[in-house]
1. Looking only at region 95-146, filter to residues that are in a loop (DSSP other than H, G, I, E, B) and modelled with pLDDT of 85 or more; which one of those is surrounded by the fewest Cβ atoms within 10 Å (Cβ to Cβ)?
2. Pick from region 67-112 the residues that are among the basic types (Lys, Arg) and without any contact (Cβ under 8 Å) to a residue 60 or more places away in the chain: which of them is farthest from Tyr286 (Cα to Cα)?
3. Taking region 270-292 on its own, how many of its residues are open to solvent by less than 20 Å² (accessible area, probe 1.4 Å), more than 19 Å from Phe45 (Cβ to Cβ) and more than 25 Å from the chain's Cα centre (by Cα)?
4. Can you say whether Leu258 is within 16 Å of Arg181 (Cβ to Cβ), out of contact with any Phe, Trp or Tyr (no Cβ under 6 Å at 6 or more places or on another chain) and crowded, with 20+ Cβ neighbours inside 10 Å, as far as the supplied structure shows?
5. Just one of Thr52, Thr40 is open to solvent by 90 Å² or more (accessible area, probe 1.4 Å), modelled with pLDDT of 90 or more and assigned to a helix (DSSP H, G or I); which is it?
6. Working only within region 166-196, note down all residues that are among the hydroxyl-bearing types (Ser, Thr, Tyr) and within 19 Å of Gln257 (Cβ to Cβ).
7. Would you please list the contacts, defined by Cβ atoms under 7 Å and residues six or more apart or on different chains, that run from a residue in region 19-36 that is among the basic types (Lys, Arg) to a residue that is open to solvent by less than 60 Å² (accessible area, probe 1.4 Å) and modelled with pLDDT of 80 or more?
8. In this structure, is Gln250 within 26 Å of Leu48 (Cβ to Cβ), open to solvent by 70 Å² or more (accessible area, probe 1.4 Å), touching a Leu at 6+ places or on another chain (Cβ under 9 Å) and not aromatic (Phe, Trp, Tyr)?
Amino acid sequence: MDVTQGMMDTPNVTKPPFNPICRSRQAPYAHEIIEQLDITGMLLFAILTFMTLVAVLVFLEEAFYIYRKLSGTKRTLIIWVNSAAPVIAVTCCVGMWIPRSTMFTDFTASLFLAVLIHKFQMLLVSECGGKRGFLSRFSESKLQLNTGPLCCCCVCFPKKNIHSRTLFILKLGTFQFLLLRPVLMFLAVVLWTNGTFAIGDSRAQSATIYINVLVGVITITALWAVGVMFNLVRPSLVEVQIISKFACYQFIVILSQLQTSIINILGTTGVISCVPPLPGPSRASYMNQQLLIMEMFLTTVITRMLYRRRYEEKPALSEDEETKDNLQNSTLCLNGKVIDEGPQKV
């Protein structure tokens, strides 16, 4: 009698309280997603795929135009900056169709994001006439260091003089992100294959939290270096719509980083619930990928409008001199100083 009463109190004792898919938290295979699509889902997939294709075609047309109209280092920089949004759209489209490829598509998107941040900073220098033009234009100015997102509250920071070493340190701030971000993402993919890394895992014994903290530190450092340089060159580059270009650059960075992090946290904590065949974290990534496709499509169109014009090349610096100048910027002495002009005297 007691046993019967106990079974009546727990009528679902023989049934699992959750769907096994939701408990496993593993992303489904591509065929499982396709089989579950209704008419609305198929229409949505078709529209998003079409938007991705259009974004790629718009970028290719823009890259061909810039390649014909411009020459020198600036041409390469503009093409790299314009490539970030369509590449992120492509990676999101692949992740939408093949959910288990999310780690690999995130790795590719992170690589292009790192390139975008570094190349945009180089574009700011190139718009000022290269390194020599930049130093000659701002040699009498002061560098304001209390700039977001790293030091916006540090109003006590002194203003620094601008010289070749200052410019090198600012370039190093974005170059470290270009170098370390792919390395950390590659390590995350390797640990993910071993089951050690999981998106949204905040346990102390997991490698996820440590990798995310390192990624956050190097990202904030790189954004700070770009922000410091942008505040310096903004008044003198109004004629090339540098404010609108910087807004598009920030739009890509914020959406691909902050939006993705917030949605992944919502999926991990259960705010975005499991809907078979998608568990909570996979459904969060699924929603984020669809949003990013639409956002990157709009960004690609806007950047085309901003960059599709004839740039007047500054005659003060030839292409060979710019190449030599860039090689000098990337060289360090054993004592940590920059090689400016020729070999150093011993």
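The values are calculated or read from the model by the stated rules, or taken from the named source; none is laboratory data. Only a predicted model underlies this, so the values are computations on that prediction, with no experimental measurement involved. A quick note on method: Cβ atoms are made from the backbone with ideal geometry, for glycine too, and the neighbour counts reach across all protein chains shown. All accessible areas refer to the heavy atoms of the entire protein, side chains included, with ligands and DNA or RNA removed. Shrake-Rupley method; radii C 1.70, N 1.55, O 1.52, S 1.80 Å.
1. Of everything passing the filter in region 95-146, Ile98 is surrounded by the fewest Cβ atoms within 10 Å (Cβ to Cβ).
2. Kept after step one, since they are among the basic types (Lys, Arg), are these residues of region 67-112: 68-69, 74-75, 100.
Retained after the next criterion (residues that are without any contact (Cβ under 8 Å) to a residue 60 or more places away in the chain): 68, 75.
Details: Arg68: 38, Arg75: 35 Å.
Going through the qualifying residues, I end up with Arg68.
3. Residues flagged as open to solvent by less than 20 Å² (accessible area, probe 1.4 Å), more than 19 Å from Phe45 (Cβ to Cβ) and more than 25 Å from the chain's Cα centre (by Cα) within region 270-292 amount to 1.
4. The answer is no for Leu258.
5. On the way: Thr52 fails: open to solvent by 90 Å² or more (accessible area, probe 1.4 Å).
None of the other options fit; the residue is Thr40.
6. So the first thing to find is which residues in region 166-196 are among the hydroxyl-bearing types (Ser, Thr, Tyr), and the list is 166, 174, 193, 196.
Residue satisfying the conditions is Thr174 alone.
7. Arg25/Pro279; Arg25/Pro281
8. Criteria met by Gln250.
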